[in-house]
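Beneath this line is the structure, given in structure tokens, with notes to follow.
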Amino acid sequence: MKYGFFDDANQEYVIHTPQTPYPWINYLGNERFFGLISNTGGGYAFYRDARLRRLTRYRYNNIPVDNGGRYFYIYDDGDYWTPGWMPVKRELEQYECRHGLGYTSIMGERRGIRATQLAFVPLSFDGEVHQVKLQNTSLQTKKIKLFSFVEFCLWNAYDDMTNFQRNLNTGEVEIQDSVIYHKTEYRERRNHYAFFSANRPLAGYDTDCEAFLGLYNGLDQPQTITAGQASNSIASGWSPIGSHCIEITLEPGEETSCNFVLGYVENPEEEKWESPGIINKKRAHAMIAQFADETDVERALSELRSYWNDLLSKYTLQSHDDKLNRMVNIWNPYQCMVTFNLSRSASYFESGIGRGMGFRDSNQDLLGFVHQIPERARERIIDIASTQFENGGAYHQYQPLTKKGNHEVGGGFNDDPLWLIVGTSAYIKETGDFGILDEQVPFDGNVDRAASLFEHLKRSFYHVVDNLGPHGLPLIGRADWNDCLNLNCFSATPDESYQTTQNLEGRIAESVFIAGLFVYTGPDFIELCKRRGLNEEAATAQAHVDRMRTATLEHGFDGEWFLRAYDHYGNKIGSKDCEEGQIFIEPQGFCVMAGIGVKEGLAHKALDSTRDRLETPYGIVLQHPPYSRYYMNLGEISSYPPGYKENAGIFCHNNPWIMMAEAVIGRGDRAFELYSKIAPAYLEDISDIHRTEPYVYAQMIAGKDAVREGEAKNSWLTGTAAWNFIAITQSILGIQPEWDGLRIDPCIPKSWGEFTVTRVFRGDTYVIHITNPQHVSKGVATVTVDGTVLTNNILPVAGDGTIHQVKVLLG
Ligand code: GLC
Ligand code: GLC
């Protein structure tokens, strides 16, 4: 069942009922200020860091779900309602939500008033603009009142929901003209405040939550709204809110609009105050002035649209398949940008307080994004590398605001360092900027201990080499990519974290996945050595990679598929000898992507086993059979009920590794079949089962052993976005950035006859038309660039900034 449709021309998903199977959300903002907004107007906003600079509150686990946001109530002669349906839930005669690229517009109509709430974060602006358009669709004059509502968070989102003995006393606001200023803690150490403005004179306002709602009322029934009258409350402690009340008269057919700005201001210490106790509002005034009129909103929105058009124009596909086109051209790169910006910090599933930027996550996220804004990928690589330890290990996470490693989580995830090689190599292949390797980058945030980025990569490489186990395979440490396979944890205490507790400090548990990752990205490190003239270094590294390949073939293959690991006792994990958890997806993907076992025929076997044992109608489950009980030697993976999350859920993040592995062995039909099984646009018709948004990937879909098979959870912030983008654009459509050019090597379904990719690469534009008259999956017969036949399938960098016509013949 569908709840909306794709409007590809406008790059929007249009939702036609507020009662979607779960809140379907969008992200606003792309630089420093971010907001989340659902199709009913729920959500929250923050500046840079969802934990430390939260502007508005949001309650997870709330009843009902998705209750709290930036709401606009319309009071119409005793009746009142909200255009997004929530929180009042008054029946609407019309409803439509359009989620676009960086903006959302929600329209509701009732009793002759059509209200449209448009929300976005303008470019280079530290705030959200909400424009409410009101139109009288009736034949009578309408006198209505518009009430806005936001609930302020007392900045630190974690403290805000735990420290009530303090927080119920600290709330402070100021009101001047039509602007409500939230200034809690500004009197002491904070140099920032928030404001909520309206571009109209007010009939009243409220800033105290209790005065606005009434102590025992919910957001569906605020006492000021039922009374149709603001109470002009001034918050002192308790819960500060911002609510404007605006009187509006509309003749039949007349339309008007109001602009609201929810902004964030930082003042230098010496400019904090205007007069004792009164905050300096200069910067807020300047921001508000930018959105004085309706046309200001139009202009900013059209700037935002062209910004996105430009970003998305870097890779575009024309094919016979609309679903594929919209994934590749719009929604997948859009999600990649969001995951790049926010890592795993703030979504409707990630509370924005527990996790900063992940070392492994962010390195993977930038794979899907580097072609759009390489400068930002560069900056991110340096930030990530700056949290690395001198021994090559890494903090698992860091806070975006401080850029410091997170001590609570610490390090010891032994795959982490390698992702820095993966991310940096992708950046250099995209840009040709080898100079990044000479950047001086601190260790552990300490500028006195800095070394070149190249040295950081070397330490990453040797962190694996220096930490091998009994079979010559990498020690797993706390965990590898699979955070829930905790082979040194042995936790029997309910409140211990599986990720940070290590009760047995063994040097026995090894990961075949890390071995695969090492062999996959090792050649990148070797190539970088060679390009720096370090031939001996390169030869030594090559020997390590060769040894790892041999060790993986000798000790990491189980007859029909790759093993997953050896546990603390040296026992096999992911083996036919295991009672449960006999085969895991991760090593099948990465070992084959690394080319291990391809010429020996083992890669085929491994992928066939994956198909036979792990594949379902909804995708490939992470492992099978699921663990039916808790295994202390395996950790969190066995803590989940069968079919969910890492315990045999369909973890969408690693499905693309199998697509890419299938492409390595040339099986294009399989690669694309797997792609379309989990790509959200293909799941639109089963939205009632899938439940999360049909325009973005979710982290997990419940597997075949789950009670609710096919149901997705945790949409938006997942490495799934980047890897699926790589799988489709590079492995399947076959346009692969390389050190010296663009390699063309598609692996497609045999039935495909042709497609065209327009790819911007290092300033040139390549219009690549690929034809497949022989109906093969793989194999490039000829490539011509501007009429000249190439001797291989790598488009050289033209470097002239013009458009180049490329013809590729498969066969
Ligand atoms: C989550 C984490 C990621 C991890 C994955 C598998 O998505 O963000 O780092 O690799 O789970 O456990
Ligand atoms: C839980 C999740 C896993 C995630 C981890 C991060 O273990 O199952 O997906 O990576 O938390 O902390």
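What follows draws every value from the coordinates through simple rules; no lab data is involved. This structure is a prediction, so every number in the text was calculated from the model and none was measured. Backbone-built Cβ (ideal geometry, glycine too); neighbour counts: all protein chains shown.
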Report summary line: Taking Cα atoms only, Rg over Rh for segment 519-670 with Rh from the Kirkwood formula is 1.02
Query - Options 351, 295, 591, ranked by Cα towards positive dipole end of the chain, top entry (Cβ charges) - result: 591
Query - Anchor residue 807: aspartates and glutamates whose Cα lies under 20 Å away (excluding residues fewer than 8 positions away in-chain) - result: 738, 740, 745, 754, 764, 786
Report summary line: The convex hull of the Cα atoms of segment 147-250, divided by residue count, gives a volume in Å³ per residue of 106
Query raised in the report: Exposure proxy check: 534, 453, 168 ranked by fewest other beta carbons within 10 Å?
Result: 168, 534, 453
Query raised in the report: Ordered by residue, what ³J(HN,Hα) values in Hz, to whole numbers, does segment 770-778 give under the Karplus form 6.51 cos²θ - 1.76 cosθ + 1.60, where θ = phi - 60° and Gly and Pro are x?
Result: 10, 10, 9, x, 7, 6, 9, 8, 8
Query raised in the report: Distance in nm between label sites at residue 274 and residue 19, each 7 Å beyond Cα in the beta-carbon direction?
Result: 4.8
Query - Dipole of the chain [Lys/Arg +1, Asp/Glu -1 at C-beta], most positive-end residue of 428, 773, 722 - result: 773
**Report entry** Debye intensity ratio in log₁₀ form over the Cα atoms of segment 87-164, taken at each q of 0.10, 0.14, 0.23, 0.24 Å⁻¹
**Finding:** -0.37, -0.66, -1.14, -1.18
Query raised in the report: Label 7 Å along Cα→Cβ of residue 504; segment 458-491 residues with amide nitrogen under 13 Å?
Result: 486-491
Query raised in the report: Where in segment 212-253 is the amide nitrogen less than 12 Å from a point lying 7 Å along the Cα-to-Cβ axis of residue 143?
Result: 247-250
Query raised in the report: Of the trypsin sites (Lys or Arg not before Pro) in segment 1-79, which ones lie in a loop per DSSP and count no more than 15 other C-beta atoms within 10 Å?
Result: 2, 59
Requested in this report: Could you pull out every one of the aspartates and glutamates with an alpha carbon less than 18 Å from that of residue 2, ignoring same-chain neighbours closer than 8 positions?
Outcome: 12, 96, 322, 684, 685, 688, 693, 711
Query raised in the report: Using a simple charge model, +1 on the beta-carbon of Lys and Arg, -1 on the beta-carbon of Asp and Glu, nothing else, what dipole does segment 458-600 show about its Cα centre, in debye to the nearest 20?
Result: 640
Query raised in the report: Against the longest alpha carbon principal axis of the chain, how many degrees, from 0 to 90 and to the nearest 10, is the axis of helix 416-431 turned?
Result: 80
Requested in this report: Collect residues whose amide H, placed 1.01 Å from N in the peptide plane, falls under 5 Å from the amide H of residue 715; neighbours closer than 5 in sequence don't count.
Outcome: 699
Query raised in the report: In whole angstrom, and with the biggest value first, how far do the Cα coordinates of segment 714-788 range along each principal axis?
Result: 46, 33, 18
**Report entry** Percent of alpha-carbon pairs separated by more than 24 Å within segment 643-744
**Finding:** 24
Requested in this report: For the pairs 576/677; 572/605; 314/530; 677/778; 576/605; 429/677, note any where the Cα-Cα span goes beyond 23 Å.
Outcome: 576/677; 314/530; 429/677
Report task. Would you list, by chain and number, the lysines whose Cα falls below 20 Å from the Cα of residue 145, excluding same-chain residues fewer than 8 positions away? Result -> 89, 133
Query - Karplus 3J(HN,Hα) series, Hz, for segment 25-31 with 6.51 cos²θ - 1.76 cosθ + 1.60 (x for Gly, Pro) - result: 10, 9, 10, 10, x, 9, 10
Query raised in the report: By the scheme Lys and Arg +1, Asp and Glu -1, what is the net charge of all other residues having a beta-carbon under 13 Å from that of residue 468?
Result: 0
Report task. Compute the long axis of helix 668-678 from its Cα atoms, compare it with the longest principal axis of the Cα atoms of the chain, and write down the angle in degrees, 0 to 90, nearest 10. Result -> 30
Query raised in the report: Counting only residues 5 or more places away or on other chains, whose amide H sits under 5 Å from the amide H of residue 452 once H atoms are built in the peptide plane?
Result: 441
Query raised in the report: Listing 107, 632, 327 from the residue with the fewest other Cβ atoms within 10 Å to the one with the most, what is the order?
Result: 632, 107, 327
Query raised in the report: For segment 693-811, with only Lys/Arg (+1) and Asp/Glu (-1) charged at the beta-carbon, what is the dipole magnitude about the Cα centre, in debye rounded to 20?
Result: 220
Report summary line: Here the convex hull volume per residue of segment 224-277, taken over Cα atoms and given in Å³, is 168
Requested in this report: Kindly put 546, 567 in sequence by how many other C-beta atoms sit within 10 Å of each C-beta, fewest to most.
Outcome: 546, 567
Query raised in the report: What angle, in degrees between 0 and 90 and rounded to the nearest 10, separates the Cα long axis of helix 332-342 from the longest principal axis of the Cα atoms of the chain?
Result: 80
Report task. Let me know the whole percent of all Cα-Cα pairs from the chain that are separated by more than 38 Å. Result -> 43
Report task. Give the whole-number value, in cubic angstrom per residue, of the convex hull volume spanned by the C-alpha atoms of segment 517-606. Result -> 96
Requested in this report: Can you run the Rg to Rh ratio on segment 185-319? Use alpha carbon positions and the Kirkwood inverse-distance Rh.
Outcome: 1.08
Query raised in the report: Nearest 20 debye, what's the magnitude of the dipole of the chain about its Cα centre given +1 on Lys and Arg Cβ and -1 on Asp and Glu Cβ?
Result: 340
